[in-house]
Amino acid sequence: MDLGDKMKATVQPHVPEPVLAVGVLQPAGTWGAMGGDQLSGFVGSLMRKNANKRSSGLGKNSAFRTKIALVAVTEARVYAFNAKGWGPTCKIVDQVGDWDRADLEITTTRGTMSTQFVIDVVSTGDHFELETNALMGVGGFTSTFVDALGPVADG
């Protein structure tokens, strides 16, 4: 069982339909905040605060502990959860979102250190800026998630 399968198994009990893929995300800017910590703990804290603001509370970080966001894609919907831990120890903390895929505008930008995801909920104006580190792309884990987020077929 690879990491993608483990994350699906973690999320599936909380989702009423089959999960196609799961993204493991954190507030956009988290990787930069780690670099900021090298300069000063205060700089890193400010960077984390800004990252949390842009993520609208999804995957919110504290000064000492990073929570992650698990974003599950099904045929018709996208579900977002805050979680803690990693891999087999990952546990859902709370559900943050449940949206019709047709109501979402999602932009994906691949970078050197991370892939950024901007998720806009058209009907509510909710806006989430998240990222996954570039290493999550190894083995196709992030690629499977990006592919699943692709355009919704008219039906």
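Odds and ends about this structure:
- So N133, is it at pLDDT below 90 and touching a Phe, Trp or Tyr at 6+ places or on another chain (Cβ under 7 Å): yes
- Boolean, T74 is polar (S, T, N, Q), modelled with pLDDT of 70 or more and farther than 25 Å from R110 by Cβ: no
- Test: residue in region 90-103 that is touching a helix residue (DSSP H, G or I) at 6+ places or on another chain (Cβ under 8 Å) and open to solvent by 70 Å² or more (accessible area, probe 1.4 Å): yes
The values are calculated or read from the model by the stated rules, or taken from the named source; none is laboratory data. Source: prediction; values computed, not measured. Note that we place each Cβ from the backbone using ideal geometry, even for glycine, and neighbour counts take in every protein chain shown. When the accessible area is computed, the model is the full protein with side chains, heavy atoms only, and any ligands, DNA or RNA have been set aside. Shrake-Rupley method; radii C 1.70, N 1.55, O 1.52, S 1.80 Å.
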